[in-house]
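The values are calculated or read from the model by the stated rules, or taken from the named source; none is laboratory data. Remember, predicted model here, so these are calculated numbers, not experimental data. Quick reminder, even Gly has a Cβ in these numbers, built from the backbone with ideal geometry, and neighbours come from all protein chains shown.
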């Protein structure tokens, strides 16, 4: 059958997987939203303190539902297709590409052969633009990688099957059709920022989420020193905070760029300072991961202060 690739596909390398994918899709359909703008409109900031997964303790800095929130805020119906059937996923993906429609995918990088990762990391978003059945190849756009990246089609299907964060079950994918929009940037950015502020201040969500999650993490992280995998926990937290597609400072550095388009200088400066402090925390965690014995006391204090600073910021956004 040969190669089938969506005509005029678009990929501009970015910093975070989901916001890069959303920006690519918007550019493909003629709407020039930048990656930071897509991230903000999707209320992308988050904080999670999670126990019981792999690694055994996780700090995560992005909201879970940036994709759904983004499309909802721009006025487009959006629903993840959910299935546990590999055959159903394969049929849906190929059919969409045959119709000239790119597909937004959640994956686990552990299964994507071009990563060669030994660690599971579900929730990684890519866009499928094409396939070649003769070579068992899929063509995806992925964050900072240039052009289209080739991946085994079977590997991609496995990644999608296990790609839903955090539980890693029920595949999440959706073909994205051309939206019919009249973009009002400042209004969309303000809506996203206020929604983000409300979610980070919410007391009704998962205990380890938002500002409350930061306070929980500040109390719990001192217990990491007694765990056998303390070194890996510190290293992984550093990586997730600063290296694994956040753009620096747990996504806060990129978020500050979007805020420049509609918020006052004082609030933009406050977010930049918050981002810099997350980078400082990540540096301490990196040092701990390289030490002979662990001491998470300083990180606990820094997390406590960070919770105060972020709470102040989100309250100021809601009052702006």
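Among the numbered criteria (1) out of contact with any strand residue (DSSP E or B) (no Cβ under 9 Å at 6 or more places or on another chain); (2) buried (at least 16 other Cβ atoms within 10 Å of the Cβ), which single criterion is violated by residue 66?
Against the list (1) out of contact with any strand residue (DSSP E or B) (no Cβ under 9 Å at 6 or more places or on another chain); (2) buried (at least 16 other Cβ atoms within 10 Å of the Cβ), residue 66 comes up short only on (1).
Could you please find all residues in the stretch 116-133 being out of contact with any strand residue (DSSP E or B) (no Cβ under 7 Å at 6 or more places or on another chain) and either modelled with pLDDT under 95 or surrounded by 18 or more Cβ atoms within 10 Å (Cβ to Cβ) (or both)? Before the answer, list the steps.
Of the residues in the stretch 116-133, the ones out of contact with any strand residue (DSSP E or B) (no Cβ under 7 Å at 6 or more places or on another chain) are 116-119, 133.
116, 117, 118, 119 - these are the residues of the stretch 116-133 that are out of contact with any strand residue (DSSP E or B) (no Cβ under 7 Å at 6 or more places or on another chain) and either modelled with pLDDT under 95 or surrounded by 18 or more Cβ atoms within 10 Å (Cβ to Cβ) (or both).
Out of the residues in the stretch 11-27 meeting the condition of being surrounded by fewer than 20 Cβ atoms within 10 Å (Cβ to Cβ) and touching a residue at least 60 places away in the same chain (Cβ under 8 Å), tell me which one is farthest from the chain's Cα centre (by Cα).
Filtering the stretch 11-27 for residues that are surrounded by fewer than 20 Cβ atoms within 10 Å (Cβ to Cβ) and touching a residue at least 60 places away in the same chain (Cβ under 8 Å), the one farthest from the chain's Cα centre (by Cα) comes out as 13.
Given (1) buried (at least 19 other Cβ atoms within 10 Å of the Cβ); (2) in contact with a helix residue (DSSP H, G or I) (Cβ under 8 Å, 6 or more places away or on another chain), identify the lone condition not met by residue 113.
Result: residue 113 passes all but (1).
Kindly list the number of the only condition in (1) in contact (Cβ under 8 Å) with a residue 40 or more places away in the chain; (2) more than 12 Å from the chain's Cα centre (by Cα); (3) under 30 Å from residue 236 (Cβ atoms) that fails for residue 39.
Residue 39 satisfies every listed condition except (2).
Of the residues in the stretch 141-158, how many are over 17 Å from the mean Cα position of the chain (by Cα) and either assigned to a helix (DSSP H, G or I) or surrounded by 23 or more Cβ atoms within 10 Å (Cβ to Cβ) (or both)?
Narrowing the stretch 141-158 to residues over 17 Å from the mean Cα position of the chain (by Cα): 146-158.
So of that shortlist, the ones also either assigned to a helix (DSSP H, G or I) or surrounded by 23 or more Cβ atoms within 10 Å (Cβ to Cβ) (or both) come out as 151, 153-158.
Looking only at that region, the number is 7.
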